[in-house]
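Worksheet: the structure to be examined is printed underneath.
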Amino acid sequence: MVNIVERAFDIGAANNLASSGLPNILARVLAARGIRETAQLDVTLARLIPPERLTNANAMAVLLADAIAKQKTLLVVGDYDCDGATATAVAMRALKCMGAKVDYLVPNRFEYGYGLTPEIVMLAAQQNPDIIITVDNGIASVEGVAKANALGIKVLVTDHHLPGDETPAASCMVNPNQRGCDFPSKNLAGVGVIFYVMLALRAELRTRGAFTESSEPNLTELLDIVALGTVADLVKLDENNRILVEQGLRRIRAGKGCAAIRALMKLAGRDPTKANAQDLGFSVGPRLNAAGRLDDMSLGIACLISDDEAAVQTMAQRLHAMNLERRSIEADMQEAANIALLDVDVKDRFSLSIFEPDWHQGVIGILASRVKEQYHRPVIAFARGNDGTLKGSGRSINGLHLRDALDLVSKRHPELILKFGGHAMAAGLTIPEKGLEKFRQVFEEVSASLLTPADLDAVIETDGSLGAHEVDWHVALALDHQVWGQGFPPPLFGDAFIVKLQKVVGDRHLKLSLQKLDDDSGRLIDAIYFQQQDFLPQKVHVVYALQTNEFNGRQQVQLNIRHCVPLE
């Protein structure tokens, strides 16, 4: 069941914003997201939370500055997703321009799994590093850090994931979510954390007189990469993250973005001069992620750190081809999941744990997300790992903190989960293959204890109705100019329409002309309903996003329909 509800908003805040010059509809939308004054919309870098507020950032900067002065060998060990790739790229670019002797290593997810494991440390040791710097991982790498320490390799951890009961004995750890850190924004992505450390390092080197005025590195040049990783990792876009993302987007729109992002945007058919957060999340991110899902993220990192336009074009084309392959694999897996779930009475279940022997390890996270969206239940999709294990990737719904739920499973039945980690809405785990049925049963019991039947009803939040005069190019443009994303959702509206014309385009999308039911002017509004082939009844209530659409030099608004309910 889908419940459509209208977001509440503070009328006083909306009036205050409108009186500052914002369009009424934008003021209403922003007030519903906790914005009370225009100062909260200031995305200048001066409003960034200072690096010294991030616990241990200055201490790590001192260690890195000492290492650079002594020409110690640094090795960045990243994660294999978009956040990990961008974090690695930021570390590589920043450290090199600050004189460090640095290289990187990214684990192949199929051979080594996630994090700084003892196996990864042994692989890293072949490069004889003096210091390992983790990005987007490490807070749970107790055994890996211990192995590095035993080998005489210092470990500096930069991460943003939640810590477990035990933390590693690293030389220094920077993580806004570690115990004792009072950094005001707990929502930095891994790339945001390493960017902050690099800001602290530059400040430390500045105090040591390492730069002349002309040679001090301009770290704002990395903000397009920071923006990409922040959006792609689906962290909450609080005020601090919105500054990072908006500043990165401005660089891309001004033609100052790195060659990789520009190339990937163009391959996705997106115009870099009009880049928005959705372009990063739905066009660039998936193409970069494809390398880590199907092969090795080193290709994506190499693309991000290269300034050779010809080389970047070649690598971007390979990433684009990988993404097409990923989409094909995903479609086959989705079909298999749908068939398997035909035999499951989903409405009586609080969770779904699904597995097919031929599923691809690198795509199960996307599959879990798709199935969760379809059935609105926590979903864990499994694929075969090594040595009789299953690798799982889970996605959750509001009401169930996935990592905490897995922790409960592990505490009640320690033999069921070999390892796990993650966030409230997404997590990964490894289980013995022979324990799948038992895990499915226990995870269902835990989910049932944490969720209510009402939690299993999907909820679509809208920002209310738009008047006929508000379905306007300038209103759509004002909405487009904001940074929307996780925790700061793009606006959706709900209204009743008469369907005047409709046709299927591209074999799978519905193109429509609609008239507002309460508009007697007869004005028709263009609309698109993606992945919808069945015609709609004459009168419908639709939930939609208001978008700008330019075609053949003509500027017009278009409704992007997200949900439709027939009207009597």
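Across the range 164-179, coupling constants 3J(HN,Hα) worked out from phi with the 6.51/-1.76/1.60 Karplus curve, θ = phi - 60°, read x, 5, 10, 10, x, 8, 7, 5, 6, 10, 10, 7, x, 9, 6, 4 Hz, and Gly and Pro carry x.
Principal-axis analysis of the Cα atoms of the chain puts helix 285-294 at an angle of about 60° to the longest axis. Scanning the chain for chymotrypsin sites (Phe, Trp or Tyr not before Pro) that sit in a DSSP loop and have at most 13 other Cβ atoms within 10 Å, the longest stretch containing none of them is 1-529. In a DSSP loop and with at most 10 other Cβ atoms within 10 Å, the GluC sites (Glu not before Pro) in the range 190-296 are GLU213.
Using only the Cα atoms of the range 511-555, build the gyration tensor, take square roots of its eigenvalues as a ≥ b ≥ c, and label the shape rounded, prolate or oblate: rounded if a/c is under 1.5, else prolate if a/b is larger than b/c, else oblate. Oblate, because a/c is 1.5 or more while a/b does not exceed b/c. Amide H contacts for SER353 (H built 1.01 Å from N in the peptide plane; partners 5 or more residues away or on another chain; cut-off under 5 Å): ILE380. Does the range 142-300 classify as rounded, prolate or oblate by the C-alpha gyration tensor (a ≥ b ≥ c root eigenvalues; a/c under 1.5 gives rounded; else a/b over b/c gives prolate, otherwise oblate)? Judged from the Cα gyration tensor, the range 142-300 comes out prolate (a/c at least 1.5, a/b above b/c).
Measuring r between the beta carbons of GLU325 and PHE282 and using R0 = 22 Å, the FRET efficiency lands at 0.80.
With a simple spin-label model that places each label point 7 Å from the Cα along the Cα-to-Cβ direction, the separation between ARG508 and GLN71 comes to 5.6 nm. The length gained on full extension between ASP332 and ALA46, counted as 0.36 nm times the residue separation minus their Cα-Cα distance, comes to 98.2 nm.
Remark on LYS419: its backbone amide H falls under 5 Å from those of THR430, a criterion applied only to residues 5 or more positions apart or on other chains, H modelled at 1.01 Å from N.
Relative to the longest principal axis of the Cα atoms of the chain, helix 364-375 runs at roughly 30 degrees. The GluC sites (Glu not before Pro) of the range 23-125 that meet both conditions, a loop assignment by DSSP and at most 15 other Cβ atoms within 10 Å of the site Cβ, are GLU37. Per-residue 3J(HN,Hα) values for the range 87-94, derived from phi via the Karplus relation 6.51 cos²θ - 1.76 cosθ + 1.60 with θ = phi - 60°, read 5, 5, 5, 4, 4, 5, 5, 5 Hz in sequence order (x marks Gly and Pro). Between ILE460 and ILE339, the modelled label-to-label distance comes to 3.0 nm, taking each label 7 Å out from Cα in the direction of the beta carbon.
Of the trypsin sites (Lys or Arg not before Pro) in the range 81-174, not one is in a loop by DSSP (not H, G, I, E or B) with at most 11 other beta carbons within 10 Å. Per-residue ellipticity at 222 nm, computed for the chain from helices alone with -39500 (n - 2.57) per DSSP H run of at least four residues, works out to -11500 deg cm²/dmol. Taking the charge dipole of the chain about its Cα centre, with +1 at Lys and Arg Cβ atoms and -1 at Asp and Glu Cβ atoms, the residue from CYS564, GLY467, VAL191 reaching farthest to the positive side is VAL191. Of all beta bridges that DSSP places with both ends in the chain, some 65 percent have antiparallel geometry. Please work out whether the range 143-224 counts as rounded, prolate or oblate from its C-alpha gyration tensor, where a ≥ b ≥ c are the square roots of the eigenvalues and a/c under 1.5 means rounded, while otherwise a/b larger than b/c means prolate and anything else oblate? Since a/c reaches 1.5 but b/c is at least a/b, the shape of the range 143-224 is classed as oblate.
Read-outs: derived from the displayed coordinates by stated rules, not from any lab. Owing to the predicted nature of the structure, the values given are computational and were not obtained by experimental measurement. Quick reminder, even Gly has a Cβ in these numbers, built from the backbone with ideal geometry, and neighbours come from all protein chains shown.
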